[in-house]
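As structure tokens, the structure follows; a few thoughts come after it.
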Amino acid sequence: MLMSGDIPRGSLGTTDEVSQLIEDLQYTLGEGPCVDAYQQGEVVAEPDLAEPVTRRWLAFTPPTLQAGARAVFAFPLRIGTVRLGTVDFYRDRSGPLSGEQHADALAVAGVAARWALEAQAGAPPGTVAEELEGGADFHFVVHNAAGILSVQQGISVTDALIRLRAYAFTRDRPLTEVAQDVVDHKLRLG
């Protein structure tokens with residue numbers, strides 16, 4: 001998940017339906033292990049989603065469990081003080097990562113961060129590198145809808161995104177569907 005400020009911007013890729021759901025939930029809800037790992041700048045691990053030591057992610061956890069994930073782990077993508085996002089892992093059984101698994105995940109996060117920076121460095125200004133767009137889901141329609149809502153309501157784009165998320169969540173609709181309705185002028189949030 002690439003992030004900017006405190007906002008998830010989109011996923012560079014997923015490995016299966018469960019990981020896609022996990023990324024979509026975090027993007028839609030603005031909560032979950034990737035959001036926390038990015039904001040805190042450190043690894044966030046929940047080795048037992050069903051019986052966590054500390055209850056968190058009240059909206060994220062139930063559908064994640066229902067999809068079959070039992071443990072989630074988020075590793076920040078960063079180089080020095082530059083934060084780019086996170087790489088997330090899940091598994092279908094509870095339990096912490098072994099020392100070797102943790103070290104491997106840190107290595108993957110480091111490689112992914114360097115790759116993302118190197119890919120973007122070659123892109124023309126104001127564009128996203130083609131290498132980053134292939135297989136990515138940057139939710140452009142959501143960002144367009146947030147811009148529209150921002151202008152309509154005279155609020156910041158961040159606040160507009162929060163309102164879009166809240167609207168989608170309270171109506172149990174996918175955020176991208178709500179955003180498409182705003183862009184298509186089928187929905188005007190008041």
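The values are calculated or read from the model by the stated rules, or taken from the named source; none is laboratory data. Quick caveat, the model's predicted, so the values are computed rather than measured. Positions of Cβ are generated from backbone atoms using ideal geometry, with glycine treated the same way; all protein chains shown enter the neighbour counts. Surface accessibility is based on the protein's heavy atoms, side chains included, excluding ligands, DNA and RNA. Shrake-Rupley method; radii C 1.70, N 1.55, O 1.52, S 1.80 Å.
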Could you tell me which of the residues 17, 23 is under 17 Å from the mean Cα position of the chain (by Cα) and either on the phi > 0 side of the Ramachandran plot or open to solvent by less than 60 Å² (accessible area, probe 1.4 Å) (or both)?
23
Filter region 159-190 down to residues that are open to solvent by 70 Å² or more (accessible area, probe 1.4 Å) and touching a residue at least 24 places away in the same chain (Cβ under 8 Å) and give me whichever is farthest from residue 27 (Cα to Cα).
188
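One line per residue, one yes/no per condition, for (1) hydrophobic (A, V, I, L, M, F, W, C); (2) in contact with a helix residue (DSSP H, G or I) (Cβ under 7 Å, 6 or more places away or on another chain); (3) outside any helix (DSSP H, G or I):
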residue	(1), (2), (3)
15	no, no, yes
34	yes, yes, no
42	no, no, yes
85	no, yes, yes
95	no, no, yes
Of all the residues that make up region 56-92, how many are of a type in the set (A, V, I, L, M), without any contact (Cβ under 8 Å) to a residue 60 or more places away in the chain and surrounded by fewer than 16 Cβ atoms within 10 Å (Cβ to Cβ)?
4
With the requirement that a residue be in contact with a strand residue (DSSP E or B) (Cβ under 7 Å, 6 or more places away or on another chain) and either open to solvent by 70 Å² or more (accessible area, probe 1.4 Å) or at pLDDT below 95 (or both), what does region 94-104 give you?
96
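Every residue, every condition in (1) under 17 Å from residue 140 (Cα atoms); (2) at pLDDT below 90, yes or no:
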{"position": "1", "(1), (2)": "yes, yes"}
{"position": "21", "(1), (2)": "no, yes"}
{"position": "24", "(1), (2)": "yes, yes"}
{"position": "29", "(1), (2)": "yes, yes"}
{"position": "34", "(1), (2)": "no, no"}
{"position": "61", "(1), (2)": "no, no"}
{"position": "68", "(1), (2)": "no, no"}
{"position": "87", "(1), (2)": "no, no"}
Only one of 53, 128, 111 that is modelled with pLDDT under 95, assigned to a helix (DSSP H, G or I) and either open to solvent by 50 Å² or more (accessible area, probe 1.4 Å) or not β-branched (Val, Ile, Thr) (or both)
111
Of the residues in region 32-50, those that are crowded, with 16+ Cβ neighbours inside 10 Å, acidic (Asp, Glu) and over 17 Å from residue 70 (Cα atoms) come to 36
